Amino acid sequence: MFLLRTVFAAVLCCLPALAQAPPPVLMISIDGLRPDAITQAEAHHLQVPNLRRFVEQGTYADGVIGVVPTLTYPSHTTLVTGVTPAVHGILSNTTFDPLFQNQVGWFWYASQQKAETLWQAARQRGITTANLNWPVTVDAPGIDFNMPEYWRASTPDDLLLLDALARPLGLQQQLEHELGPWVDGNTLTIASDATRTRFAKAMLRQHHPGFLTVHLSSLDEEEHTSSPFSAKSNETLEAIDGMIGQLVDAAVAINPKAIIVVVSDHGFARTDFHTNLFGPLLRAGLLTVGPPGPLGTPSFSSWKATLWPAGGCAAVMLHDPADTASRDAILGLLHDLAADPANGIDAILNKEQLGQLGGFPGAEALVVLRPPFQLGYTFSGPIVTPAPATGMHGYLPSNPEMRSSFFVLGKGIAPHRDLGLINMLQVAPSIAELLSAKLPAATAKPIKLLQEAAF
Ligand SMILES: [Zn+2]
């Protein structure tokens, strides 16, 4: 018996590294975080010591080149699938709603998403998975402990709906019992991110997930309101930096081998003008105005050709694909507007160019603005109206300001390793490799993050 035990122990200690449990991975998204806010923190007058640790003691990208459109929901889905929006199906933030009838409904539901996710891949590997507030996770398969991002009216009633959407049922109430009320996905304050941080720490403590995703969203909101690197945006990021410090400490306290990955979904550009493109469409008879919605919101009663807005860009959509007259009318109108630089139109991509970029399948074209212009929604009056000191994203991923973030810290992660520019499609397969999980549809080359000596 003694001999048998000795032999068994000897076999165990000589098992190849891959047979060991992979390190737990905590993946935090700071919505709208520009990488230079951390890599060049001093130049931007930012005090972010916890995120600077990722640069000094970890591995990081100078920038992540994103997808089309550079918006929150398509990008977050690419971050967990490794495929383009054309493949995963989350084409914009809001679903296509040409008559404005859906009360600004977003792509909230996992059933709208077609690709395998990191949660599913990790679950297949036997890893416990958890999520707090990641986009497109309502009833997402493969997540053991799931509190999805969702809202409707952002009133306290939303918490009742969120409670019903949490998995397993009762999870939200159980955490609220200890921590106080949870927060809906459209409450975008520093305090709401502090709540998400408290819940994430409790999730780590109570359920020990091997893969936990967390989405913090207040920075994006402030950047939209007062522009990136405004005093208020910097204050918000400095507050989030403190939350990152808490999350790193909590993850490492539970398992010293924990790997923490901080990502973002897109960059940000300052904007000072709105380009109002719906007015010309109305005047050309491509849209007809309907009665105002229940909250006085505008609506259309019919459409032949319209725009599917996506921040700094908009997809050109045709009601009847055979209606060449309306196609010629909308494209002619947009090209005429683009000819005047004062309208802020950067490019009009055709179907073939869109196909190569993996965005908006089914669209006739994509009209892309250039900062400092963002899409406006005034139907009458001038094409361009002032909107000083605001911010937007959704511009082409080739715009350096649209680059997003990738920072990794933990045992076995090379210190002070600069990856240069990477592609967003590489993020999910790289995380899959950390988890020793497989994500076959994600074909981009993974970044080898873990050094062999870690095992
Ligand atoms: Zn975002």
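Read the figures in this text as sums done on the coordinates, not as results from a lab. Worth saying up front: this structure is predicted, and the values here are computed from it rather than measured. All Cβ positions, glycine included, derive from the backbone under ideal geometry; neighbour counts span all protein chains shown.
Summary of computed values
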| quantity | calculated |
| --- | --- |
| Qualifying aspartates and glutamates (Cα of each under 18 Å from Cα of K448; at least 8 residues distant if same chain) | D62, D418, E433 |
| Over region 177-308: Rg over Rh, Cα atoms, Kirkwood Rh | 1.15 |
| Over region 107-151 - Rg/Rh using Cα atoms and the Kirkwood inverse-distance radius | 0.95 |
| In Hz, Karplus ³J(HN,Hα) per residue of region 372-387 (6.51, -1.76, 1.60; θ = phi - 60°; x = Gly, Pro) | x, 10, 10, 5, x, 10, 7, 8, 10, x, x, 5, 10, 10, x, 8 |
| Region 267-336: C-alpha gyration tensor shape, a/c 1.5 cut-off, then a/b vs b/c | oblate |
| Nonlocal amide H pairs with R417, under 5 Å, H built at 1.01 Å | G58, T59, Y60 |
| Contour excess over end-to-end distance, with Cα ends at L99 and A325 and 0.36 nm allotted per residue | 79.3 nm |
| Beta bridge orientation in the chain: antiparallel %, DSSP, nearest 5 | 55 |
| Reachable lysines, given that their alpha-carbon falls under 20 Å from the alpha-carbon of K304 and they are not under 8 places away in the same chain | K351 |
| Span-like helix ranges in the chain, DSSP H, alpha carbon extent 15 angstrom or more, Kyte mean at least 1.6 | 2-13 |
| Segment A153-K445, extension gain: residue separation times 0.36 nm, minus the distance between their alpha carbons | 101.0 nm |
| Sum of -39500 (n - 2.57) over DSSP H runs of 4+, divided by residues of the chain (222 nm, nearest 500) | -10000 deg cm²/dmol |
| Where a label projected 7 Å from the Cα of F379 along Cα→Cβ would reach, residues of region 82-123 with amide N under 19 Å | 97-105 |
| For R152, net neighbour charge (Lys/Arg +1, Asp/Glu -1) across residues whose Cβ lies under 13 Å away | -4 |
| Rg/Rh for region 60-189, where both radii come from Cα atoms and Rh is the Kirkwood radius | 0.98 |
| J(HN,Hα) series, region 65-70, from Karplus relation 6.51 cos²θ - 1.76 cosθ + 1.60, nearest Hz, glycine and proline x | 7, x, 10, 9, x, 7 |
| Volume of the Cα convex hull of region 270-392, divided per residue and given in Å³ | 115 |
| Cβ charges +1 (Lys, Arg) and -1 (Asp, Glu), total dipole of the chain, debye | 1280 |
| Rg ratio (alpha-carbon, reference 2.2 N^0.38 Å) - the chain | 1.02 |
| Subset of K411/K438; K201/K232; K114/K411 violating a 32 Å alpha-carbon distance limit | K114/K411 |
| Value in Å of the Kirkwood radius, where region 76-132 supplies the Cα pairs that are averaged | 12.7 |
| Radius 12 Å from Cβ of L366, net charge of other residues (Lys, Arg +1; Asp, Glu -1) | -2 |
